[in-house]
1. Whole-Hz ³J(HN,Hα) for each residue in the stretch 48-63, computed from phi via Karplus 6.51 cos²θ - 1.76 cosθ + 1.60 with θ = phi - 60°, x for glycine and proline: what do you get?
2. Taking only Cα atoms and a 10 Å spring cutoff, compute GNM fluctuations for the chain and point out the largest among 227, 92, 192.
3. Helix 284-315 sits at what angle to the longest principal axis of the chain, using alpha carbons and giving 0 to 90 degrees rounded to 10?
4. For the stretch 46-118, state the semi-axes of the equivalent ellipsoid (square roots of 5 times the eigenvalues of the alpha-carbon gyration tensor), sorted largest first and rounded to whole angstrom.
5. Do you know the relative contact order of the chain, to the nearest whole percent, from alpha carbon pairs under 8 angstrom that are 6+ apart?
6. Whole Å is fine, so just give me how far the alpha carbon centre of the stretch 135-163 lies from that of the stretch 44-99.
7. Given only helices, namely DSSP H runs of n ≥ 4 each adding -39500 (n - 2.57), what is the per-residue ellipticity at 222 nm of the chain, to the nearest 500 deg cm²/dmol?
8. Multiplying the sequence separation of residue 220 and residue 25 by 0.36 nm and subtracting their Cα-Cα distance, what value in nm do you get?
Amino acid sequence: MSKKPKRSLTERLKPFVAPFRFDGSGEFHLKLHKSSERGGLDKNEGEKIIEANRQRLSDLQEKLYANDRWSLLVIFQGMDASGKDSAIKSIFEGVNPQGCEVTSFKQPTAHELDHDFMWRAMIALPERGHIGIFNRSYYEECLITRVHHDLLAKEKLPSKLISANIWQERFADISAFERYLSRNGTVVLKFFLNISKKKQRERFLDRLEQPAKNWKFSMNDVTERAFWPRYMAVYQDIVRHTSTSFAPWYVVPADHKWFARVVIGSVIVSALEELNLRFPRVDKDSLEKFAEVRKALESEGQSATKRPARNAAKGRKRPTKAS
């Protein structure tokens, strides 16, 4: 009986990638994506996949850094308590911090508001060979400013530019920007952590009950819950209009943090695997020089081991005759 060919890592991870990917083809309805999905896994199986992805990501990031051609931009969006911070901490645990940077986008400063809405994200983009992680992103300027119209006025746009088409225009600008990034070697991965309102409530209560988590809680978090239906409608619109083949959205079930990490880690590892990364090859002249250096270093090491013995011999005193 012939053995079945061994499946590639990308194929093995496909069940945790493909169902959650939307690239703009077809229709998208957020209500059809279950926040409690677990992919047929139990937590123990999920933890094994998380750890395997973590180790593979560490290897791939080393090649990404050494190759110095591609870069990776990972965007996390989601409601408060959807698990963005903990997902970043868990998934990138084994990554060399020298080649990875996290940027959190809070309320814009006065300086940032004096620029276009993409500016603060542009200056934080990862350089070649690096992974850039955006905890929230430029998508906030199509989200919170749309839910709270008064915030749009603070962006100092000329009044004639604030029309009924502004959100469609921003979607078009963002897609053009992401196409530009992809054409210049930046892989763009976007994750919407899809948490239910019920699960958010549970996590808020947990923050209130545990003193070590009190600092995470803000009264504003509760205030924003009143706008839940509006936020969901806007997120649906964002995913519908900014999903493309070069920058798809991944709608991640986030009620179970461990399964969210299975999906996110699998997507990132699969995307890097597709780049077919290799360590840079050394040219023939350099290899010959390396051989010369190796020979000199080995010779130096042999000399160093012999030297102490000669010094010891020199240091011995001749026995003196008794008087």
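Just so you know, all these numbers are worked out from the coordinates, no wet-lab data involved. Keep in mind it's a predicted model, so treat the numbers as computed, not measured. As a convention, Cβ positions derive from the backbone with ideal geometry for all residues, glycine included, and neighbour counts pool all protein chains shown.
1. 5, 5, 4, 5, 5, 5, 4, 5, 5, 4, 4, 5, 5, 5, 5, 5
2. The residue with the greatest mean-square fluctuation here is 227.
3. Between helix and principal axis, roughly 50 degrees.
4. Values: eigenvalues 152, 71, 15 Å².
Ellipsoid semi-axes (Å, largest first): 28, 19, 9.
5. Numbers: 390 pairs, mean separation 104.6, N = 323.
That works out to 32 percent.
6. 30
7. Numbers: 13 runs with 157 residues, N = 323.
The helix-only estimate for the chain comes to -15000 deg cm²/dmol at 222 nm.
8. Length gained, residue 220 through residue 25: 66.6 nm.
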